[in-house]
């Protein structure tokens, strides 16, 4: 399922199936705390945000991420790391594991042409989505977008990007969803931050995103698939 922006996303398959990439509400409920990745990656536009921070946002502490790392996820991620390291267009020093769930490992890296990539490693295979910023340029107004919406070994993943603001939590039907910051990059010379929003199934209804713009917190709809895939689990918001 592909994001709703006006062009196809360029995708490079590393191994196995390629991930297909697949909004009004307000709420006063508590958002989920965003769990930061320990890795911040070089950017297509040059320059690297300091580790543990995102350019243009408040500092974020690096996560130790130790307690929830499942053995299956570690094994799947290690196998994919070895595979991606052998790909000629993987930029040296940019490949790392951004996050583990129990069964799924998430990897990030930058290609030699500056394109940022997300890899998903699980029992059923390995796949990758590389974001072509020609089709996903930096947005002038602070906003959220998404490029990937797909099932994972632990439920459902939504890859969200933030331009000009910081995602600080997501709520679905009064429940806080897990949100993990996986990378800070630069697009068209401006900062962009990528987040994983993890849920039990495809999000339906009106999930709420809480974002920080400067010193203020605002509420906006979370971008997502408007047409869930039939036959796959859903989580109603």
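Within the set 127, 149, the sole residue that is closer than 27 Å to residue 84 by Cα and within 13 Å of the chain's Cα centre (by Cα) turns out to be 149. If you check residue 97 against the conditions, is it surrounded by 24 or more Cβ atoms within 10 Å (Cβ to Cβ), in a strand (DSSP E or B) and in contact with a strand residue (DSSP E or B) (Cβ under 9 Å, 6 or more places away or on another chain)? For residue 97, the condition - surrounded by 24 or more Cβ atoms within 10 Å (Cβ to Cβ), in a strand (DSSP E or B) and in contact with a strand residue (DSSP E or B) (Cβ under 9 Å, 6 or more places away or on another chain) - is not met.
Taking the listed residues 218, 209, the one that is touching a strand residue (DSSP E or B) at 6+ places or on another chain (Cβ under 9 Å), buried (at least 22 other Cβ atoms within 10 Å of the Cβ) and at negative phi is 209, with no other qualifying. So is residue 165 farther than 21 Å from residue 97 by Cα and either at pLDDT 95 or above or in contact with a strand residue (DSSP E or B) (Cβ under 6 Å, 6 or more places away or on another chain) (or both) or not? Considered against the rule, which asks whether it is farther than 21 Å from residue 97 by Cα and either at pLDDT 95 or above or in contact with a strand residue (DSSP E or B) (Cβ under 6 Å, 6 or more places away or on another chain) (or both), residue 165 comes out as yes.
The values are calculated or read from the model by the stated rules, or taken from the named source; none is laboratory data. What you see is a predicted model, and the numbers here were worked out from it, not measured in a lab. Quick reminder, even Gly has a Cβ in these numbers, built from the backbone with ideal geometry, and neighbours come from all protein chains shown.
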